[in-house]
Amino acid sequence: MARDLRVPVGLPLPRNPRTILMRIFKPTLSRLRRFPLLLLSPLAFAQQPERPTPGQEPRIPAREPVELREDDKPAFPPPPDGWDKPRPGIPQGKLEMIEYDSKTVGTRRKANVYTPPGFSADRKYPVLYLLHGIGGDETEWQRFARPGTMLDHLIADGKAVPMIVVMPNGRAQKDDRAAGDVFKSAPAFAVFERDLLDDLIPAIESRYPVRRERSHRAIAGLSMGGGQSLNFGLGHPDTFGWVGGFSSAPNTRKPAELVPDPAVARKLQLLWLSCGTRDGLFRISRDLHDHLKAKDVPHVWHVTDGAHDAAEWKQALYHFLQKLRFGQDPAPAAAPASPAPATPAAPTDARTGSLKEAFKDHFLVGTALNPWQTSGRAAEERDLVLRHFNSITSENSMKWMSLHPGLDRYDFSDADRFVEFGAEHGMAVIGHTLVWHSQTPREVFEDRSGRPVAKEVLLERMRSHIHTVAGRYKGKVLGWDVVNEAVEEDGSLRRSPWLTLLGEDYLVKAFEFAREADPDAELYYNDYGLEGKAKREGALALVRKLQAAGVKLTGIGLQGHYAIDHPSEDEIDETIAAFSALGLKVMITELDVNVLPTPGFGGAEISTRFREDPRWNPWPGGLAPEMEDKLARRYAGIFRVFLKHREAVTRVTFWGVHDGASWLNHFPVRGRTNYPLLFDRRKQPKPAFDAVMALARPPLPSPAE
């Protein structure tokens with residue numbers, strides 16, 4: 001490459017990346033500090049950006065060849081001949097330039113909008129927000145890629161669904177033209193986050209007939225727009241269900257900042273990363289890919305031999321559009337690889353058995369599922385679920401925060417798919433959960449000024465939520481965890497906003513509202529740690545009060561988040577017996593066994609967090625054989641107690657399908673490798689599985705009297 005390249009401000013380009021950054025951004029560093037999304041890492045530039053022509057993207061060639069790894073390869077074949085040329089004889093969409101009022105910028109702004117062939121005001125459409133790079137504007141995508149032409153082809157061939165594509169100007173400032181030194185406008189690309197969320201999306205939704213659920217809204221972009229798409233999409237998972245970054249630029253947040261909670265990222269219908277190996281920014285996309293892979297976050301990783309140029313972005317868009325199966329199960333994507341710590345192989349004959357068949361005469365055997373597992377994209381996990389379980393509980397999709405993220409906004413996409421999965425396969429579906437102190441939006445408990453809401457208002461919000469959610473799935477759900485975790489360790493009622501604002505009556509009302517919504521559903525109280533005497537006595541007192549109030553209370557959910565050495569089998573036995581004596585069905589609702597040393601007292605209080613420390617993660621490469629044996633003995637002892645009470649225990653649900661999908665890998669210490677379930681990360685049965693299956697064969701433990 002020539003040595004006399006020039007930076008955008010006309011200075012000779014030095015070889016030191018930090019000096020490059022300073023010369024490009026020195027005039028605007030004070031503004032950049034106010035926009036952390038745009039603080040670019042000097043190390044992100046593998047090569048110096050060439051000076052861009054206004055209206056075009058800077059070229060960022062790789063300084064040296066990329067060392068390819070096994071998964072650095074194309075996820076799709078090259079597009080067919082003629083894929084980007086107009087095709088006579090097929091219906092065509094329409095492209096129009098619109099204007100909207102931007103309160104964020106304080107002016108009227110423009111966006112290019114494509115509407116599909118046969119567009120009708122009587123039909124509601126999904127929307128893709130397609131963002132340009134630092135050298136472009138609202139016309140950039142149309143100038144070099146013609147997304148409308150691509151979609152006309154794909155829709156005609158049945159390879160894409162009709163959608164609206166909005167191509168805005170991501171440079172949120174009054175003079176938003178790509179002129180002069182385009183790098184000076186970098187801070188405005190961060191401001192666009194508010195313009196997009198507060199001004200553009202509402203404008204589109206008021207002007208066009210669109211679907212407003214996150215499951216029907218996508219965001220993607222190239223270069224600087226790719227970084228925006230990842231930042232905004234992963235930062236607002238309640239707004240976007242489909243996120244794509246093409247050759248994402250250094251404005252992309254660091255992987256750990258983009259994905260602070262992998263469980264939230266797993267809710268996306270699609271997360272897409274693509275880049276060419278001749279692109280000087282390749283490392284940005286690959287670093288994020290590595291992080292997602294390590295955290296078991298499903299995503300597409302599409303690597304070509306392309307550069308930081310239009311040809312790369314066009315083909316990426318072509319394939320990305322076909323993955324946007326709005327309103328349908330997304331097309332299968334490669335499941336992310338996850339570490340597979342070595343564990344002793346299970347005996348061959350253990351693999352011929354089935355948990356649900358082994359215990360069918362005693363109780364249901366269930367598992368908790370996430371959206372990835374019910375979407376059709378995780379075939380191996382799906383097969384494991386169908387073979388071994390006859391009951392399913394939604395891990396997060398039916399919690400208030402997930403399906404009712406705003407006071408006037410519901411998103412049933414994941415919950416609907418979960419319920420449909422259960423119905424399709426004849427499984428008992430459990431709703432989890434209607435009223436909980438955690439994962440409920442704070443605004444539920446506040447008025448518009450941020451003060452605690454009036455009692456009657458909160459009670460109506462509870463009633464409306466329960467009627468809407470439980471009513472939607474009436475006749476499809478076997479039972480609901482109506483109230484979750486309302487008792488403290490000392491047996492007193494938890495001082496949650498529900499109790500503080502409504503008083504103890506909220507517990508009775510929750511069950512009354514649930515029965516109104518679905519009179520035939522079983523209704524449960526669910527909690528952890530009830531094997532502890534004080535908390536158990538408090539929960540027993542609560543149950544007696546609910547029974548005295550005449551509410552329908554079918555059963556008690558003992559979560560069963562056990563440790564390798566506590567609670568004792570006797571404590572589990574006493575707890576089941578105590579609740580059964582009150583005439584309740586008893587369910588083990590969230591069973592797992594934590595084998596790792598854990599700070600604190602243990603338990604399942606979701607707010608408990610500790611810093612990472614090697615002391616708490618002693619077996620990152622595989623569980624020690626002696627611990628495998630100990631876990632097998634522990635599970636055998638637990639199931640002996642369950643079988644002893646088989647007349648009272650109606651369901652045993654594991655909190656996760658396999659070790660790699662367990663919440664205990666990140667609770668209460670993030671980034672650990674835990675082994676709490678019966679199947680390992682390779683989805684193979686463990687010695688604990690063998691120990692449990694052996695108990696299903698006669699002679700069974702004597703039943704409790």
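The values are calculated or read from the model by the stated rules, or taken from the named source; none is laboratory data. Being a predicted model, the structure only gives us computed values, none of them experimental. Cβ placement follows ideal geometry from the backbone for every residue including glycine, while neighbour counts extend to all protein chains displayed. We work out accessible area using only protein heavy atoms, side chains counted, and drop any ligands, DNA or RNA first. Shrake-Rupley method; radii C 1.70, N 1.55, O 1.52, S 1.80 Å.
Within region 126-182, the set of residues being over 22 Å from Ile90 (Cα atoms) and among the charged types (D, E, K, R) comprises Asp137, Glu138, Glu140, Arg171, Lys174, Asp175, Asp176, Arg177, Asp181.
For region 475-524, a tally of residues being closer than 22 Å to Leu364 by Cα, under 26 Å from the mean Cα position of the chain (by Cα) and not small (Gly, Ala, Ser) returns 8. Pairs meeting the criteria (first residue in region 170-185 and in contact (Cβ under 8 Å) with a residue 12 or more places away in the chain, second residue open to solvent by less than 10 Å² (accessible area, probe 1.4 Å) and among the aromatic types (Phe, Trp, Tyr), beta carbons under 9 Å, at least 6 apart or on different chains) are Gly170/Phe189; Gly170/Phe192; Arg171/Phe189; Arg171/Phe192; Ala172/Phe189; Ala172/Phe192; Phe183/Phe25; Lys184/Phe25.
Taking each residue of region 369-380 that is under 22 Å from His432 (Cβ atoms) and looking for partners that are open to solvent by less than 30 Å² (accessible area, probe 1.4 Å) and of a type in the set (Ser, Thr, Tyr) with beta-carbon atoms closer than 7 Å, six or more apart or interchain, yields Leu369/Ser394; Pro371/Ser397. If the condition is being aliphatic (A, V, I, L, M) and surrounded by fewer than 16 Cβ atoms within 10 Å (Cβ to Cβ), then region 690-705 contributes Ala694, Leu700. Against the test of being in a helix (DSSP H, G or I) and free of Cβ contacts under 8 Å to residues at least 12 places away in the same chain, the options Asp414, Asp383 yield a single qualifying residue, Asp383.
Touching a residue at least 60 places away in the same chain (Cβ under 8 Å) and under 30 Å from Leu386 (Cα atoms): which single residue out of Gly475, Gly422, Gly479 fits that description? Only one candidate passes the filter, namely Gly479.
If you go through region 498-541 and pick out every residue that is over 24 Å from Glu460 (Cβ atoms) and assigned to a helix (DSSP H, G or I), you end up with 9. Flag: Arg207 matches the condition of being in contact (Cβ under 8 Å) with a residue 60 or more places away in the chain, open to solvent by 10 Å² or more (accessible area, probe 1.4 Å), over 13 Å from Leu130 (Cβ atoms) and of a type in the set (Lys, Arg). Residue pairs whose Cβ atoms lie under 8 Å apart, sitting 6 or more positions apart in sequence or on different chains, and linking a residue in region 535-555 that is surrounded by 15 or more Cβ atoms within 10 Å (Cβ to Cβ) to a partner that is polar (S, T, N, Q), are Arg536/Thr575; Gly538/Ser492; Leu553/Gln547; Gly555/Thr650. Among the residues examined, Pro567 qualifies as outside any helix (DSSP H, G or I) and either open to solvent by less than 10 Å² (accessible area, probe 1.4 Å) or in contact with a Gly (Cβ under 9 Å, 6 or more places away or on another chain) (or both). Within region 622-638, does at least one residue satisfy the condition of being of a type in the set (Val, Ile, Thr) and open to solvent by less than 10 Å² (accessible area, probe 1.4 Å)? The answer is yes, given that some residue of region 622-638 is of a type in the set (Val, Ile, Thr) and open to solvent by less than 10 Å² (accessible area, probe 1.4 Å). Among the criteria (1) open to solvent by less than 20 Å² (accessible area, probe 1.4 Å); (2) assigned to a helix (DSSP H, G or I), the one Leu197 does not fulfil is (1).
Every residue, every condition in (1) open to solvent by 10 Å² or more (accessible area, probe 1.4 Å); (2) among the acidic types (Asp, Glu); (3) modelled with pLDDT of 90 or more, yes or no:
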| residue | (1), (2), (3) |
| --- | --- |
| Trp372 | yes, no, no |
| Glu380 | yes, yes, no |
| Leu384 | yes, no, yes |
| Lys399 | yes, no, yes |
| Tyr410 | yes, no, yes |
| Asp416 | yes, yes, yes |
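Of the numbered criteria (1) closer than 26 Å to Glu456 by Cα; (2) of a type in the set (D, E, K, R); (3) open to solvent by 10 Å² or more (accessible area, probe 1.4 Å), the one Glu489 fails is (1). Exactly one condition in (1) outside any strand (DSSP E or B); (2) surrounded by fewer than 24 Cβ atoms within 10 Å (Cβ to Cβ); (3) at pLDDT 95 or above is false for Thr650; which is it? Evaluating Thr650 over (1) outside any strand (DSSP E or B); (2) surrounded by fewer than 24 Cβ atoms within 10 Å (Cβ to Cβ); (3) at pLDDT 95 or above leaves (1) as the failure. Check region 143-157 and report whether any residue there is of a type in the set (D, E, K, R), touching a residue at least 24 places away in the same chain (Cβ under 8 Å) and buried (at least 22 other Cβ atoms within 10 Å of the Cβ). Checked region 143-157: no residue is of a type in the set (D, E, K, R), touching a residue at least 24 places away in the same chain (Cβ under 8 Å) and buried (at least 22 other Cβ atoms within 10 Å of the Cβ).
Counting only residues that are more than 18 Å from Glu138 (Cβ to Cβ) and in a helix (DSSP H, G or I), region 205-222 holds 5 of them.
In this structure, Gly406 does not qualify as out of contact with any helix residue (DSSP H, G or I) (no Cβ under 7 Å at 6 or more places or on another chain) and open to solvent by 70 Å² or more (accessible area, probe 1.4 Å). Are any of the residues in region 179-191 under 26 Å from Thr115 (Cβ atoms) and touching a Phe, Trp or Tyr at 6+ places or on another chain (Cβ under 9 Å)? No, region 179-191 contains no residue that is under 26 Å from Thr115 (Cβ atoms) and touching a Phe, Trp or Tyr at 6+ places or on another chain (Cβ under 9 Å). Report yes if some residue within region 84-102 is β-branched (Val, Ile, Thr) and in contact with a strand residue (DSSP E or B) (Cβ under 8 Å, 6 or more places away or on another chain); otherwise report no. Among the residues of region 84-102, at least one is β-branched (Val, Ile, Thr) and in contact with a strand residue (DSSP E or B) (Cβ under 8 Å, 6 or more places away or on another chain), which makes the answer yes. Identify all residues within region 50-89 that are at pLDDT below 70 and either farther than 17 Å from Gly306 by Cβ or β-branched (Val, Ile, Thr) (or both); write none if there are none. Of everything in region 50-89, those that are at pLDDT below 70 and either farther than 17 Å from Gly306 by Cβ or β-branched (Val, Ile, Thr) (or both) turn out to be Arg51, Pro52, Thr53, Pro54, Gly55.
Inspect all residues belonging to region 454-467 and state whether any of them is open to solvent by less than 70 Å² (accessible area, probe 1.4 Å), of a type in the set (D, E, K, R) and under 26 Å from Ile556 (Cβ atoms). No, region 454-467 contains no residue that is open to solvent by less than 70 Å² (accessible area, probe 1.4 Å), of a type in the set (D, E, K, R) and under 26 Å from Ile556 (Cβ atoms). For the residues Leu222, Leu230, Leu234, Leu197, the requirement of being more than 30 Å from Asp122 (Cα to Cα) and in contact with a His (Cβ under 8 Å, 6 or more places away or on another chain) singles out Leu222. In the condition set (1) small (Gly, Ala, Ser); (2) modelled with pLDDT under 95; (3) more than 18 Å from Gly241 (Cα to Cα), Gly366 is compliant with all but (2). When each of Glu456, Glu489 is tested for being acidic (Asp, Glu), over 30 Å from Phe418 (Cβ atoms) and not in a helix (DSSP H, G or I), the lone residue that passes is Glu489.
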